[in-house]
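Worksheet: one structure, shown below.
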Amino acid sequence: MSLNTFGSVLVLIAFGFYIFDVLFREVKPNRVTWAMLTLNGAVLLFSYREQMATDGMTGAVLLITMYTLGPAIIFLLALWKGEGDIKRRDLLCGGGSLFFLILWQVTDIPGIAIWGSILVDFFALLPILLGVIEGEKESLTAWSISQLGDIVSLIALDQWTVMSAAYPVYVAIWNAILIAYIVRNTRRGYRAR
């Protein structure tokens, strides 16, 4: 198994832990957040596949596939066990995803979709971070394994360019920040899973 495949499998395992925590613990996924993450994953996946065809990069595609498949499963689970009403912010972020997808199709520049989707992904995940800052429960195990998978996938990139490394670097930084707040909550007496 290649290092890149191993990192991506770790991310998939992390989603398995998250799903377990939703089913059997107190983690409540936000429906709109996970729907937007699924949409953004699909936009990124198609963008990277297009970029891969033109630049020959392959390292990030498997990782992004996991970040499309995992959120899709969690979104379906969130329809049953999740929480969250559609808010103005959710509509703006979802609209941003669609905007960058259309802009990519019109301009035929995959980089627009990649960078735009990273921004929309950030805003889609922001409710999770803000909830953790306020003491809501999140899966420390899942986010930690995901972080390990992100780092392994980043190390395994076959071609280091701004385009090939953009998403793996982003998710590694994002997960590190989220994990730091989950650990902080654990030390303050909040229960993290």
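The values are calculated or read from the model by the stated rules, or taken from the named source; none is laboratory data. Just so it is clear, the structure is predicted and the values come from calculations on it, not from any experiment. Because the Cβ atoms are built from the backbone with ideal geometry, glycine has one as well, and the counts that use them run over all protein chains shown. These accessible areas exclude ligands, DNA and RNA; they are computed on the full protein's heavy atoms, side chains included. Shrake-Rupley method; radii C 1.70, N 1.55, O 1.52, S 1.80 Å.
For the stretch 130-168, a residue qualifies if it is in a helix (DSSP H, G or I), at pLDDT 85 or above and either at positive phi or of a type in the set (S, T, N, Q) (or both), and the qualifying residues are 141, 144, 146, 147. Quickly run through the stretch 8-41 and pick out the residues that are closer than 18 Å to residue 127 by Cα and open to solvent by 40 Å² or more (accessible area, probe 1.4 Å). Scanning the stretch 8-41 gives 26, 28, 31, 39. Close Cβ contacts (under 8 Å, 6 or more residues apart or on different chains) running from residues in the stretch 113-129 that are farther than 12 Å from residue 41 by Cβ and in a helix (DSSP H, G or I) to residues that are acidic (Asp, Glu) and open to solvent by 10 Å² or more (accessible area, probe 1.4 Å) comprise 128/138. Which of the residues that make up the stretch 175-187 are within 10 Å of residue 143 (Cα to Cα) and either touching a residue at least 60 places away in the same chain (Cβ under 8 Å) or buried (at least 18 other Cβ atoms within 10 Å of the Cβ) (or both)? If the condition is that a residue be within 10 Å of residue 143 (Cα to Cα) and either touching a residue at least 60 places away in the same chain (Cβ under 8 Å) or buried (at least 18 other Cβ atoms within 10 Å of the Cβ) (or both), then 175, 178, 179, 182 are the ones that fit.
Being buried (at least 21 other Cβ atoms within 10 Å of the Cβ), assigned to a helix (DSSP H, G or I) and modelled with pLDDT under 75 is a property that holds for residue 60. Considering (1) part of a helix (DSSP H, G or I); (2) touching a residue at least 12 places away in the same chain (Cβ under 8 Å), the lone condition that residue 102 does not fulfil carries the number (2).
Contact map, the stretch 81-95: first residue under 17 Å from residue 130 (Cα atoms) and at pLDDT below 70, second residue open to solvent by less than 40 Å² (accessible area, probe 1.4 Å) and not in a helix (DSSP H, G or I), Cβ cut-off under 6 Å, separation 6 or more or different chains; pairs are 84/30. Residue count for the stretch 126-145 under the criterion of being within 14 Å of the chain's Cα centre (by Cα) and open to solvent by 10 Å² or more (accessible area, probe 1.4 Å): the result is 7.
Looking only at residues of the stretch 152-162 that are touching a residue at least 12 places away in the same chain (Cβ under 8 Å) and surrounded by fewer than 20 Cβ atoms within 10 Å (Cβ to Cβ), we find that the one that is nearest to residue 115 (Cα to Cα) is 161. Out of contact with any His (no Cβ under 7 Å at 6 or more places or on another chain) and either outside any helix (DSSP H, G or I) or surrounded by fewer than 16 Cβ atoms within 10 Å (Cβ to Cβ) (or both): is that true of residue 171 in this structure? Considered against the rule, which asks whether it is out of contact with any His (no Cβ under 7 Å at 6 or more places or on another chain) and either outside any helix (DSSP H, G or I) or surrounded by fewer than 16 Cβ atoms within 10 Å (Cβ to Cβ) (or both), residue 171 comes out as no.
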